[in-house]
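What follows draws every value from the coordinates through simple rules; no lab data is involved. No experiment lies behind these values; they were computed from the predicted model shown. A quick note on method: Cβ atoms are made from the backbone with ideal geometry, for glycine too, and the neighbour counts reach across all protein chains shown.
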Amino acid sequence: MKPDWARLAGAALFLLPLAAQAELTPARQQQLLHLLRQDCGSCHGLTLQGGLGPALTPQALSGKSADMLRAVILHGRPGTPMPPWRPFMNEIEAAWLVKQLQTGVTNAQQ
């Protein structure tokens, strides 16, 4: 069976923008950390130890999958004060932010 080269080429072109977004610039990383500290911190506590929203420390997030955390960031939690942040970031940026939260990097930089 011969590969369908046109279909494969189309798929590659579709995925190309995602690959380009995979590398976040240092400036964008700083913007995301600022958003985390200021916007998320307004509910989750400025030190991310909890407030109106739950703590966002590595200990509090242990046992929660990165996919679930990314979905909560992007889509919010209906029926709670947690808004969707998709208008402000894409999937790759949300995944990067989850990694920062899970490793505690953001706490060390505050």
*Relative contact order, percent, of region 24-108 when contacts are C-alpha pairs under 8 Å separated by at least 6 residues?*
25 percent
_For a test of the definition: using alpha carbon positions, the gyration tensor, and the 1.5 limit on a/c, classify region 21-63 as rounded, prolate or oblate._
oblate
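Treat the count of other C-beta atoms within 10 Å as a stand-in for reagent exposure and order Glu93, Glu23 from fewest to most. The partial results should precede the final answer.
On the way: Glu93 21, Glu23 8.
In increasing order of surrounding Cβ atoms, one gets Glu23, Glu93.
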*In square nanometres and to one decimal, what's the mean projected area of the convex hull around the Cα atoms of region 24-108?*
5.1 nm²
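What list do you get for Thr25, Thr57 if you sort them by fewest beta carbons within 10 Å?
Numbers: Thr25 8, Thr57 19.
Ranked by crowding around the Cβ, least crowded first: Thr25, Thr57.
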